[in-house]
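Can you read through this structure? Questions will come right after.
The values are calculated or read from the model by the stated rules, or taken from the named source; none is laboratory data. In this text, all values refer to a predicted model and were calculated from it rather than measured experimentally. Ideal geometry is used to build each Cβ from the backbone, glycine not excepted, and the neighbour counts take in all protein chains shown. Each accessible area value is taken on the protein alone, full model and side chains, heavy atoms only, with ligands, DNA and RNA left out. Shrake-Rupley method; radii C 1.70, N 1.55, O 1.52, S 1.80 Å.
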Amino acid sequence: MPDKPEFDLQAAHRFFAAECFNRAWDLLDKPARTPDEDEQMIRLSLASTWHWTQRDDCTPTSLSVGYWQASRIYAILGQAGNARRYGQLCLAISQGEGILPFYLGYAYEALARAESVAGNGQQRDAYLAAAREAAGRMSDPEARKALLDDLTTIR
């Protein structure tokens with residue numbers, strides 16, 4: 001195997017980071033999925049995040065979004081432990097300097113959703129409160145509304 005591929009590796013990572021994310025999102029939005037599509041959705045999300053980590057322009061914000069998507073997917077699939085794991089990764093990176101409150105709010109949203117799936121109402125409510133607090137610090141009213149609307153879907 002050659003040491004250097006015959007194509008632009010950074011361009012490939014840029015393409016697959018976005019392509020895998022968007023295809024996972026399409027499956028996430030699908031009202032009914034087959035078990036094979038559920039597995040494909042997981043693989044696509046994790047592949048997207050991996051491709052981001054290989055990019056020269058990878059930022060904490062990029063990873064926050066990738067970890068959030070994985071957490072949401074696992075929550076939708078009822079896998080509380082994996083949803084919590086990726087929610088915690090999302091929170092850890094979203095608490096860094098320079099990260100907008102939007103990403104922190106969605107990290108808490110991911111964890112609230114994971115705890116809801118796990119049946120931990122008290123922890124869910126604590127994360128919901130933290131997400132609402134982050135929403136209060138958002139300067140973009142549309143972003144704030146999007147987060148607050150998403151929080152209403154967590155039971």
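Return the only residue of ALA47, ALA11 being within 19 Å of GLY87 (Cα to Cα) and outside any loop (DSSP other than H, G, I, E, B).
After ruling out the rest, the residue left standing is ALA47.
Residues GLN69, GLN79, GLN95: which one is surrounded by fewer than 16 Cβ atoms within 10 Å (Cβ to Cβ), modelled with pLDDT of 95 or more, out of contact with any Pro (no Cβ under 9 Å at 6 or more places or on another chain) and not small (Gly, Ala, Ser)?
Unique residue meeting the criteria: GLN95.
Take the stretch 61-104 and flag every residue that is among the small types (Gly, Ala, Ser), part of a loop (DSSP other than H, G, I, E, B) and touching a helix residue (DSSP H, G or I) at 6+ places or on another chain (Cβ under 7 Å).
Listed by number, the residues that qualify are GLY78, GLY96.
Okay, moving on. Go through (1) in contact with a helix residue (DSSP H, G or I) (Cβ under 6 Å, 6 or more places away or on another chain); (2) open to solvent by less than 60 Å² (accessible area, probe 1.4 Å) one by one and return the number of the condition ALA146 breaks.
Every condition holds for ALA146 apart from (1).
Inspect all residues belonging to the stretch 51-63 and state whether any of them is touching a Leu at 6+ places or on another chain (Cβ under 6 Å) and over 22 Å from PRO31 (Cα atoms).
For the stretch 51-63, residues touching a Leu at 6+ places or on another chain (Cβ under 6 Å) and over 22 Å from PRO31 (Cα atoms): absent.
Next question, about the same structure. Please go through the stretch 117-143 and pick out each residue that is touching a helix residue (DSSP H, G or I) at 6+ places or on another chain (Cβ under 6 Å), open to solvent by less than 70 Å² (accessible area, probe 1.4 Å) and assigned to a helix (DSSP H, G or I).
Selection gives VAL117, ALA118, ARG124, TYR127, LEU128, ALA130, ALA131, ALA134, ALA135, ALA143.
Still on this model: Cβ-Cβ under 7 Å, sequence separation 6+ or interchain: first residue in the stretch 110-125 and within 14 Å of ILE73 (Cα to Cα) and modelled with pLDDT under 95, partner in a loop (DSSP other than H, G, I, E, B) and open to solvent by 30 Å² or more (accessible area, probe 1.4 Å). Which pairs?
none
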